[in-house]
Amino acid sequence: MKLTDKVLLKVYAAVLASVSTVATQKLLAAGWEFVTGEKPPEPGDPEVSGAAAFTWVLASAVGYGVSQLAVQRATARMTVKRGGLRRSHPLQIKI
């Protein structure tokens with residue numbers, strides 16, 4: 001893989017990660033408002049109930065985790081298509 005391809009893939013990954021983070025943040029906030037009718041809570045605010053803070057943190061973690069996985073898979077596919085990495089095969093250990 002050429003140096004320009006490596007740089008291009010890193011830029012692609014950075015842009016994709018940034019866009020997906022902003023999109024995930026907006027989607028999570030909109031989903032929270034749709035379900036609860038309120039803006040997302042600040043988990044560190046003492047006025048926010050523990051249940052609301054925990055639910056928001058859990059929903060955010062799942063949302064960002066799924067977003068991160070999608071970005072990693074997309075960049076891995078792009079890297080494989082450009083000939084940078086070989087598809088991984090299961091590790092076989094003989095004893």
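Bear in mind these aren't lab numbers, they're just calculated from the coordinates by the rules spelled out. These numbers come from a predicted model, not from an experiment. Counting neighbours? That spans all protein chains shown, and the Cβs are built from the backbone with ideal geometry, glycine included.
Using the 10 angstrom Cβ neighbour count as an exposure proxy, how do L58, L28, L8, L3 rank, fewest first?
Listed from fewest to most nearby Cβ atoms, that is L3, L58, L8, L28.
Stick to the Cα atoms of the chain, pair each with every other, and give me the Kirkwood hydrodynamic radius in Å at one decimal.
One over the average 1/r among Cα pairs gives 16.2 Å for the chain.
I need the calculated FRET efficiency for the pair L58 and V80, taking r as the beta carbon distance and R₀ as 35 Å, to the nearest 0.05.
It comes out at approximately 0.60.
Once both axes come from the Cα atoms, what is the angle between helix 50-81 and the longest principal axis of the chain, in degrees from 0 to 90, rounded to 10?
That works out to roughly 20 degrees.
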